[in-house]
1. Treat each spin label as a single point 7 Å out from the Cα along the C-beta direction, and report the F612 to A537 distance in nm.
2. Starting from the Cα of E285, step 7 Å along the direction of its Cβ; do the same at L339; then give the gap between the two resulting points in nm.
3. Quick one: which residues, 5 or more positions from F517 or on another chain, have an amide H under 5 Å from its amide H? H modelled 1.01 Å from N in the peptide plane, none for Pro or chain starts.
4. Can you list the HN-Hα couplings for segment 303-313, worked out from phi with the Karplus curve (6.51, -1.76, 1.60; θ = phi - 60°), rounded to whole Hz and with x for Gly and Pro?
5. In whole percent, what relative contact order does segment 604-669 give with Cα contacts below 8 Å and a gap of six or more residues?
6. So, R0 is 35 Å and r is the distance between the beta-carbons of N462 and D319; what FRET efficiency does that work out to, to 0.05?
7. Percent relative contact order of segment 471-663, based on C-alpha pairs within less than 8 angstrom and at least six residues apart?
8. Return the sequence-ordered ³J(HN,Hα) values of segment 26-40 in whole Hz as given by the Karplus equation 6.51 cos²θ - 1.76 cosθ + 1.60 applied to θ = phi - 60°, using x for Gly and Pro.
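Values in this text are rule-based calculations from the coordinates and carry no lab data. Because the structure is a prediction, the values reported are computed rather than measured. Here the Cβ positions follow ideal geometry from the backbone for every residue, glycine too, while neighbour counts run over all protein chains shown.
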Amino acid sequence: MKERGYSTQAWSEHELHPKQSEGFSEIDIVNFVFTMDLLNFSFWSALTEKERFQVEYRGRRWTGYNSLLASLRRGLDEGVPITTPRYWRSREATEVTLRAVFRSATAEPMPLLHERVLILREAAEVLHESFGDEDYDDNSVPAVGRQLESAATDEAHHASSVENVADELAAVTVTDVATSTDAAMADRRDDVLDGKPSEATAETAIPGAQDMEQAEGTEHQPVPDTQAHAVIQHEHAPPDPTQPSHAEALPQPDLSVVRLIEKAERSAGKLVNLLAKHFPCFRDETRFDGRRVRFLKRAQIFVADLWAAFNGTGYGAFDDIRCLTMFADYRVPQMLHTLGVLSYSPPLLYRLRDKKEIPSGHSWEVQLRGCSIWAVELIRREIVREHPEAEVEVNAVLIDFFLYDLAKERERGLEEDQIIKMRTSHLATALLSAASTLQAQSTTAPGYDCYPTCISSTVPANQTLSFGRHYAVLNLDLINALVSGVAPTPAGSAWIANTARWIDAVHAQTPPPLSIFTRIYFSNSHKPEIGPASPFAQVGGALGTASSNLTQVYPAFTVDEAAGDVVLQKTRYYAGAGNGLEEILRAQQVDTVVLSGIRTSGVILSTAYRLFDLDYKVYVIANNTIETPPNTPDINTNILEGVLPKLPVNVITLEQALSALNNSGPAIY
């Protein structure tokens, strides 16, 4: 972080951010920041880089968050006061004019433009009702409702809904997680994935800026653009002398956002809560276990942007800036997981890898956002512990920016089809875009061959694992009838190789631990262990007696009876059905069992449940299990990542099992 030199000064260094040197007053900058944070969400596109929405400005084409900035700057240059809240309510802010302001240089229009326009109009009504200028004759600005095209519906009903917001919101402070704001965040803002603008979690920058002198009367001088200027001129030409011009309709600066800021009395927490109370689009909250949880991400971003734009002075001066948290987007949890800071539960990891949507408001979404906030705070504390001199400079938001940039750098190496993005609400569904990165990491991790899918371990990779001394190795149902059915497939070939490697490693131990193999067979050809109406007859009815080739252990797996290996007959799924397995485990004082076998939904699942109930510590080697037929990977994955960990049974990789074998003491057998 030191090497990268994160600083609030980077905010003003962004080419499109407003600056005093360009003629913007402090009020202009406040209104610009408010406008961009209202509209900054969901710019991704399924189209190619050349075909996606772009804005042509200053001889360049801009995408993502920068396309929003370019649209606002271009509109101002063309004489449209697009960043003035009062203008959003005026009759001059027609649908045609606003479409021209946000026009695209390609065939694809700005994503969710209609929703963005509604947000502007709603915010204008709230500002007018709650923070309007008492000395300003607002009647000179025509009401907007009846004059707009049908797409821009009347938002007047919002005033009453605002009044019904619980008063307690104003009293609640943002979680005190000691953060402030910093860093180069320019291209961070283009990645918010949110289909509900009222809940959008905008990816916003919080870099800093130079101090701005008070210049309330200074208006930004328009610099006309090329082709678009003619469009807007046509919209207003010929001018109607009975209607006020921009200058006549807006004779003084719009101070409504300034009044909102001043009402917070230099408190970042209070301003966040004011935004959440009055503006639905900033009201980022949900419920978890019956309790209300308030993240207020976009509201915090606006406060942080102000702080950075004014470098902590003037309208950006907040005495409690440290009460802000990091901004819980999908990239930071992705990076925290990559670095081993966050661990995903097996069911969540499976869902991400399978690129399945996580419903908005799901508990996983809430946990991911909350855990990310807390993890970043713990990182901050550790940095301060090791570098006490950094306590004032380092904060959660700065760490957030650092992690975000790392994630962006990694993502640039991924193919387009690896980045999955959806216009749905908040963090959870956006996490789908991290799935490809997680897959890429898993496929190269030791112990995973990912046939047909990658399986996670419930034991952290950096944790030293040992089976102790009183453990037994269970190799279940490795018989020709079952193994020959999967051997020709890539999944089966990998499973056979992994399981054989494990068995050989066990035999190489001195002394070797107790190894137990199970075979399914019946006493004679009449199969007296199962009746014709037995449910298991549908599964094992085709198997024969002990002498049948179908019931023999597959040749790739070595049974060393001279070294003490035990081979048991079984007549049901459970490894101990009809034999002395439990008696042997008790007699040998075994307390831990390590399972490999075929198939996962049969012998592995039933044996794990039974031995867990008998108080054995159970490990299942993920690489050494397979479902039949092998083209049903979802069953195998669901059991290993969803069912077994709930017992809990430890699911580990082959590499972890081999390491534990070496870490375990001489086996007592």
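1. Simple spin-label model gives 3.2 nm for this pair.
2. With each label point 7 Å from Cα toward Cβ, the separation is 3.1 nm.
3. For F517, the qualifying residues are N475, V566, V567, L568.
4. With coefficients 6.51, -1.76 and 1.60, one gets 4, 5, 4, 4, 4, 6, 4, 9, 6, x, 10 Hz.
5. Numbers: 47 pairs, mean separation 24.4, N = 66.
With pairs under 8 Å counted, the relative contact order is 37 percent.
6. So, using R0 = 35 Å, E works out to roughly 0.30.
7. 26
8. Here the 3J(HN,Hα) series is 4, 5, 4, 5, 4, 5, 5, 4, 4, 5, 5, 6, 5, 9, 8 Hz.
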